[in-house]
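First the structure, in the form of structure tokens, and then the observations on it.
Every read-out reported here was derived from the displayed coordinates using simple, explicitly stated rules and does not represent laboratory data. Values in this document were obtained by computation on a predicted structure and should not be read as measured data. When we count neighbours, we look across all protein chains shown, and the Cβ atoms used for this are built from the backbone with ideal geometry, even at glycine.
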Amino acid sequence: MAFATPLRTALESKTSQFGFWLTLPSAPVARLLLRSAAASPFNNFSWVLIDAEHGLISDKDYYELSTAIASEGASPIIRVPWHEEWMIKRALDAGAHGVLLPMCHTAEDAKRIVQYSKYPPLGSRGYGPMFSPHSLPGVTGSQYDDGADQSLLVMVQIESRSAVENVEAIAKTDGVDVLLIGPFDLAKQMGVVRGGEEHEAAIQATLKAAKTAGKKAAIFCSNGSQALTRAEQGFDMVSIITDLGAIEEGIVNTLQAASVKGSEGETKKRDGY
């Protein structure tokens with residue numbers, strides 16, 4: 001029987017769900033950002049992306065980060081480095097509420113990712129979730145066993161020309177829940193200008209394919225203005241900033257406000273990680 005995770009429940013509301021990228025292996029940083037948002041008059045975060053592909057995070061950090069994030073009422077999603085079965089297994093066994101796999105180029109890639117993320121007979125995930133329920137308050141070990149395949153999210157990243165060309169087939173793959181666009185890699189892999197016409201057309205094609213297949217669409221954004229635009233376009237999951245971005249932005253903006261010269265100018269919007 002399926003169990004509820006914060007993100008699964010939130011996605012049922014049909015409103016865009018905001019998250020942020022965690023690149024530092026720090027549970028206190030994750031807690032601070034989540035609690036600051038919860039204390040604000042704005043939307044809370046319903047998910048946090050734990051970045052083990054490009055950040056400083058490795059699989060030894062998964063358990064602590066997943067448990068810390070879940071204890072604050074958000075869903076930890078782990079981006080593992082590659083489509084390796086053992087990498088996906090380690091992330092799920094540590095308590096991830098879902099996994100994100102980079103560079104999904106074809107439907108065959110998507111099928112393999114699903115296979116590695118599900119228990120038999122649906123897939124080939126090895127059994128050993130001794131610590132998984134720790135990030136799922138109220139869920140027992142037997143409930144986890146029975147509901148993992150239905151409740152945990154399988155997300156694939158669309159970030160290449162071949163992925164866009166195959167996006168409809170990827171979106172239709174059974175077991176894939178979310179298509180997430182990596183706009184920086186997408187532009188570089190396609191050899192186009194980020195934010196240009198061809199780049200935006202690829203983004204919209206991915207959004208349409210996900211919606212048509214009854215799946216969720218997600219995207220990485222660098223700042224709140226971008227995030228608002230993508231939410232208005234209908235993206236179900238929108239990452240608004242990275243932890244490093246939030247720290248850098250806070251430092252620079254405060255320094256600017258403290259200086260006579262800086263206080264006369266406008267704050268520059270972030271346009272990167």
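Taken along its principal axes, the alpha carbon cloud of the range 124-259 reaches lengths of 57, 43, 25 Å, longest axis first. In sequence order, the range 27-35 has phi-based couplings of 5, x, 5, 4, 4, 4, 5, 5, 6 Hz under the Karplus curve 6.51 cos²θ - 1.76 cosθ + 1.60, θ = phi - 60°, and Gly or Pro positions carry x. Taking the fewest neighbouring Cβ atoms within 10 Å as the starting point, the ordered list for Thr67, Thr5 is Thr67, Thr5.
Computing mean projected area of the Cα convex hull in nm² for the structure here picks out one of (i) 16.8; (ii) 22.3; (iii) 14.5, namely (iii). Each 5 Å bin, from zero up to the one with the longest distance, holds this percent of the alpha carbon pairs of the range 1-120: 2, 12, 22, 22, 20, 14, 6, 2, 0.
Just so you know, the averaged projected area of the alpha carbon convex hull for the range 181-220 sits at 2.5 nm².
The dipole here belongs to the range 47-178: it is taken about the Cα centre, uses +1 on the Cβ of Lys and Arg and -1 on the Cβ of Asp and Glu, and is about 120 debye.
Past the 27 Å Cα-Cα mark, which pairs from Lys60/Lys172; Lys89/Lys216; Lys60/Lys208; Lys89/Lys269? Intermediate values should be presented prior to the final figure.
Details: Lys60/Lys172 34 Å; Lys89/Lys216 23 Å; Lys60/Lys208 37 Å; Lys89/Lys269 38 Å.
Correct reply: Lys60/Lys172; Lys60/Lys208; Lys89/Lys269.
A simple charge model with +1 on the Cβ of Lys and Arg, -1 on the Cβ of Asp and Glu and nothing else charged puts the dipole of the chain at about 240 debye relative to its Cα centre. Ranked for footprinting exposure by Cβ neighbours inside 10 Å, fewest first, Ser135, Ser117, Ser40 give Ser40, Ser135, Ser117.
With 10 angstrom as the radius, rank Lys89, Lys208, Lys269 by how many other C-beta atoms surround their C-beta, starting from the fewest. Write out the running numbers ahead of the final one.
Working: Lys89 21, Lys208 15, Lys269 11.
Sorted ascending by nearby Cβ count, the order is Lys269, Lys208, Lys89.
Residues in the range 197-208 carry Karplus couplings, in order, of 4, 5, 4, 5, 4, 5, 5, 5, 5, 5, 4, 5 Hz; the curve used is 6.51 cos²θ - 1.76 cosθ + 1.60 with θ = phi - 60°, and Gly or Pro positions show x. For the range 61-69, putting each phi into the Karplus relation 6.51 cos²θ - 1.76 cosθ + 1.60 with θ = phi - 60° gives couplings of 8, 4, 4, 4, 5, 4, 5, 5, 5 Hz, in residue order, rounded to whole numbers and with x for Gly and Pro.
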